[in-house]
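First the structure, in the form of C-alpha cells, and then the observations on it.
Derivation of every value follows stated rules applied to the coordinates shown; laboratory data play no part. Computed from a predicted structure; not experimentally measured. Virtual Cβ from ideal backbone geometry, glycine too; neighbours counted across all protein chains shown.
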Amino acid sequence: MSTKHFRGPLQPIYVGPLNPLDRHRQVRVEPPSGTPIWRSTANEADLLALVAEIRPDLDVKAHPELIHWISDPWTWSGV
C-alpha cells in the first residue's frame with residue numbers, strides 16, 4: 001500500500017486496536033521527514049507525548065479528527 005497520500009502537515013495519527021491482553025496500543029505517526037514511526041503507548045499521556053515529540057506542529061486535543069482509532073478511542077486496557 002502506498003503512503004504517498006499520507007504526506008503533509010495534516011497527516012493523521014493511527015492508533016491500533018485495543019487488545020485486552022496488552023496494556024499498549026501501537027501508534028503510527030509520520031514526522032515531516034516522511035518516514036513513519038511506530039511506537040507503543042500505554043495511556044493517553046504516552047500518546048500525547050509521542051505526538052508532541054514527533055509532530056509538535058499537531059494539536060490532537062484541538063483537532064481530534066487527526067487521530068484515526070481502529071477501535072475504542074482514548075481507551076487502554078490497563079493490564
query = How much net charge surrounds Trp69 when only the other residues with a Cβ under 13 Å from the Cβ of Trp69 are counted, with Lys and Arg +1 and Asp and Glu -1?
reply = -1
Relative contact order for the chain, counting Cα pairs under 8 Å that sit 6 or more residues apart, in percent = 39 percent
inquiry  = Please list 3J(HN,Hα) in residue order for region 17-32, calculated via the Karplus relation 6.51 cos²θ - 1.76 cosθ + 1.60 where θ = phi - 60°; whole Hz, with x for glycine and proline.
reply    = x, 6, 10, x, 9, 9, 6, 9, 10, 7, 10, 10, 10, 9, x, x
ask   = Over all pairs of distinct alpha carbons, what does the Kirkwood formula give as the hydrodynamic radius of region 18-69, in Å?
value = 11.6 Å
